[in-house]
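Structure, as structure tokens:
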Amino acid sequence: MTETNNAALRPAAERPTSSQESLPKPLRKIGNYYRRNIGKMMFRRPIAIETERPLISFSFDDFPRTALLNGGRILAKHGAAGTYYTSLGLLGMDGPSGPHFTRKDLDAVLAEGHELGCHTFAHLHSWDTRTGDFENSVIENRNALAKLVPGAEFRTFSFPIAEPRPLTKRKTARHFLCCRGGGQTLNSGTADRDRLSAFFLEKSRDNIDAVKRLIDRNRIERGWLIFATHDVAENPGPYGCTPRFFEDVVEYAVQSGAAILPVTEALRVLQDGEPEDE
């Protein structure tokens, strides 16, 4: 494995900083704004968020083991399942969010009714990586899954670390039913199925009221709210939250009357019809 690939496999907090970090602050702000927004505006695949019952999905990026052992347990307690966005190159490795998934965890996710999503094989930076290399890593992840779990497939994708380049977004979308970004908001009205918005829980893990307000807004707007995080641990890393916080969010989501569904199941509801009442 080359030094470049070794760097790519490291979680975000351990990687070399982008060349943009050397720019003056005003230019960095302009560059960051451009990177955050250009992909949102181009190569859109609109989908109408029209549902009588609001939708909420819980997703986990990088698949730390605690996301399944703790997060999955909490979801199951409430009769729900989540989406685990997986970079198979991280199998068995450690990172800022703790130990990543094992081979047996892949089977457990599917056996417990969750779904696996793609996150590139080498956990590549969505903006800094050349489009061709990024797509190759998407294909490599798909092929690795076929070998590890015959019959399993990735139907949804989460862009690692940053918003994607426009061409990266377009080429990646050809491989999936939908793709997810960030944005700290919900999906309502008309959304882009190739760059669905998500709310990262760790950014409000000391402010449960902010999360509850967003769930309330999702109920009123009858939208699709996709939560994202990484580890779910008593002493979480910088990108995770505690089991108590996570369970509080799940409980409030259930109380809101939303259908709690994995990402592609929620997408199916929007395309084909309403979920059954629990």
| request: Please give the residues of the range 217-239, grouped as numeric ranges, whose backbone N is less than 19 Å from a label point set 7 Å along the Cα-to-Cβ vector of Asp209. | output: 217-218
| query | For the residue pair Asp248 and Leu148, what label-to-label distance in nm results when each label sits 7 Å from Cα along the Cα-to-beta-carbon direction? | reply | 3.3 nm
| said: Cut-off is 10 Å between beta-carbons; in what order do Asp107, Asp192 appear when sorted fewest neighbours first? | reply: Asp107, Asp192
| field | Ser59, Ser256 arranged by Cβ crowding within 10 Å, fewest neighbours leading | value | Ser256, Ser59
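Values quoted throughout were computed directly from the atomic coordinates according to the rules given, and no laboratory measurement underlies them. It should be emphasised that the depicted structure is a prediction, and the values quoted were computed from it without experimental measurement. Here the Cβ is made from the backbone with ideal geometry for all residues, glycine too, and neighbour counts use every protein chain on show.
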